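Worksheet: the structure to be examined is printed underneath.
The values are calculated or read from the model by the stated rules, or taken from the named source; none is laboratory data. Because the structure is predicted, anything quoted here is derived from the model rather than measured. All Cβ positions, glycine included, derive from the backbone under ideal geometry; neighbour counts span all protein chains shown. Accessible surface is based on the protein model in full, side chains and every heavy atom, while ligands, DNA and RNA are left aside. Shrake-Rupley method; radii C 1.70, N 1.55, O 1.52, S 1.80 Å.
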Amino acid sequence: MTEFLPFGPGALIFIAIYVLSLLGIGFYAYKQRQKDNMQDFFLAGRNLGFTILFLTLYATQYSGNTLLGFSGATYRNGLSFLVCVHFMTAIVVCYLLFAPQLYRLSRENQFLTPGDFIYHRYQSQALRIMVTLIMVYALANFTLAQMRTLGTAFAGISQGRVPMWAGVVGLALVMLVYESLGGMRSVAWTDTIQGGMLLVGFIILMGLAFSQFGSIPDAIEKLASNPETLHKIKPPDGDGVRNWISFVLLVGLGAAIYPQAIQRVYSARNAGILKRSLATMAFMPLITALVSVMIGLLMAAHLPDLERQFSSNGPIPSETVLTQMCLQIMQQSAFGYWLVVIIFASLLAAVMSTADSALLSISSMITHDLYGQTFRPNADQAHLTRVGKCITWILMIPLVWAALAYEGNLIQLLKIKFELLIQCVPAIYLGVHSRSLSARTVITGLAAGLTITLILIALDWSRVSGIHSGIIGLAVNLAICLAAIVKNRSFYTD
Amino acid sequence: MKNKNNFVDPIRIPWVGIGIIILLVAMIPIWPITGNWFGVPAWAVFALLISVLTSLFIAFVILRVWRDPDDEGKHDD
């Protein structure tokens, strides 16, 4: 990813200061804790203000993949990857479908995890465990991918002076320390710095991209004049349109019910703060995903042969378009060099903020929904909080190991996280609105959706005519649940 | 849609649901729009305009339509 960038010791010192500041925030958050209970540790005492709630939502939602993956996908596919702006906007649309009811219920019933809502609504421990296991699986995949990116980014920035394993282990330890000290308070406060850096990084990138490579209309003209790149400005065809719809549904519905996102809804100090944070989030795709699309487009016009070039590790992947752009910028002046250092620090921040939020969420679900409710229902809050901290450390061991031993065959596992997660959509989206949906129906729908999705993936039909297998599974899942609701004729009863 | 606690769930208001459906359908790049607008393919500019409209609509609905008894102290930070 950053293997070509000639970073010097100054960049390492900058990164070291940034990492040490995270530890400082963790210690400060520890000092600010109010109670030794799970609500305080995992939800920051339900007291997050606007700035922190908005930036933690932002830092959690936008990962390193937004910078690298989106620009790379636009480089490959052209303007048709504008779909990323739509699916990131769709996430906020989807919050609107369930967050108002869920926030109200969470205040009345002091929910800690998504599993709390599931149990409150359906009174079924089996369904709670099913939903929790699916969410833990999806988040573990997500964290694993972030840890891998973290190691690659750190190894690149250190120019091999720090090996990848040391980067992964070191940064994982830093995350564990500040997370164990202050829980959600630490994570949200560090997210505030990380989200702020990410925003600054995107704004700098936008300015740099235009000053370096000219305007978007110029890039479009170049792409149109080259027969090999002409397809990159064409609208999607039949399969492409179906894929567009499928992407918007898959990411919009799935990312809105990421457990760490739901727990941030629970953590708002009041409804007014939650509303302002979500309303601001509605505009973030326009200054984040769109910037990545523009970078991909500019690079497609100015460096159309990137994927035909080779480095010492083989063909250069399209995900390195951002690196290529930075390489040109940092070689021009000292100012450009430091701008690129800030951009890569913001990339590191994006990855760390996403990974720490996911890790804390996994730990809360295992501690509260699985261990606390199933094995130790009478355990006191202090004991459960200690167990939560231990679980965070224990979880990190296999995740770091898997990130370091990452092989190609893990890619398929990583890809199917959304496909499985969205099978929880009826349980949450319909559950907050309908009283007539029973646990038995939801379990039937969930089982049917999961079975169909996994069969399609096993048959190597991860997309059928452009539609993701998870969306097909969800259609069956939803049909079962909606049929039960219509049969009981009490949809939208309060 | 509005209960005794002054809670308003925006998604239960018909025009909000209709607005979301129209915007989501408009997002799909199937419209017969040809040529360039401001030097960029018109279909892409249109898709982007719909994104801006969706963001504005969602922000309006969240801030103006959604009502919650826990709204007080909304200027806290």
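The spacing between region A:163-183 and region A:444-464, judged by their C-alpha centroids, is 36 Å. Take the residue pairs A:LYS222/A:LYS417; A:LYS222/A:LYS275; A:LYS232/A:LYS417 and return only those whose Cα atoms are more than 31 Å apart. Check vs 31 Å cut-off fails for A:LYS222/A:LYS417; A:LYS222/A:LYS275.
Placing unit charges on the Cβ atoms only, positive for Lys and Arg and negative for Asp and Glu, gives region A:1-154 a dipole magnitude near 240 debye about its Cα centre. Summing both sides, the accessible surface hidden between A and B at a 1.4 Å probe radius is close to 3900 Å². Comparing the full protein assembly with the isolated chain, the residues of region A:265-283 losing at least 20 square angstrom of accessible surface (1.4 Å probe) are A:ARG269, A:ASN270, A:ALA271, A:GLY272, A:LYS275, A:ARG276, A:LEU278, A:ALA279, A:ALA282, A:PHE283.
Hey, what angle do you get for helix A:216-225 against the long axis of chain A, alpha-carbon based, 0 to 90 degrees rounded to 10? With rounding to tens, the tilt is 70 degrees. With runs of 4+ DSSP H residues as the only contributors, calculate the mean residue ellipticity of the protein assembly as shown at 222 nm using -39,500 (n - 2.57) per run, divided by the residue total and rounded to the nearest 500. Result for the protein assembly as shown, helices only: -23000 deg cm²/dmol.
Computed over chain B, the range of Cα coordinates on each principal axis works out to 53, 30, 11 Å, biggest value leading.
Basic side chains Lys and Arg get +1 at the Cβ, acidic Asp and Glu get -1 at the Cβ, and with that the dipole of the protein assembly as shown about its Cα centre reaches some 1240 debye. Per residue, the protein assembly as shown exposes 38 Å² of solvent-accessible protein surface, assessed with a 1.4 angstrom probe and all protein chains in place. For chain A, the longest principal axis of the C-alpha atoms and the axis of helix A:164-213 are separated by about 40°. For chain B, the longest principal axis of the alpha carbon atoms and the long axis of helix B:42-60 meet at an angle near 10°. Shielding by partners for peptide A:81-93, expressed as the average number of C-beta atoms from other protein chains within 10 Å of each residue's C-beta, is 5. Farthest toward the positive end of the dipole of chain A, out of A:VAL321, A:GLN212, A:VAL251, is the Cα of A:VAL251, where the dipole comes from beta carbon charges about the Cα centre. Apolar share of the accessible surface for region A:42-141: 59 percent from carbon plus sulfur atoms, 1.4 Å probe. Among A:GLU179, A:GLU228, the sequence by solvent-accessible area, most first, with a 1.4 Å probe is A:GLU228, A:GLU179. Which of the three applies to region A:98-228, rounded, prolate or oblate, going by the alpha-carbon gyration tensor with a ≥ b ≥ c and a/c under 1.5 meaning rounded? Here region A:98-228 falls in the prolate category. In terms of the Cα gyration tensor, with a ≥ b ≥ c the square roots of its eigenvalues, is the protein assembly as shown rounded because a/c is under 1.5, prolate because a/b exceeds b/c, or oblate? Oblate, since a/c reaches 1.5 and b/c is not below a/b.
The modelled label-to-label distance between A:LEU133 and B:PHE60, using points 7 Å beyond Cα along the C-beta direction, is 4.6 nm. Mean partner shielding of peptide B:50-60, defined as the number of other chain Cβ atoms within 10 Å of each residue Cβ, is 6.
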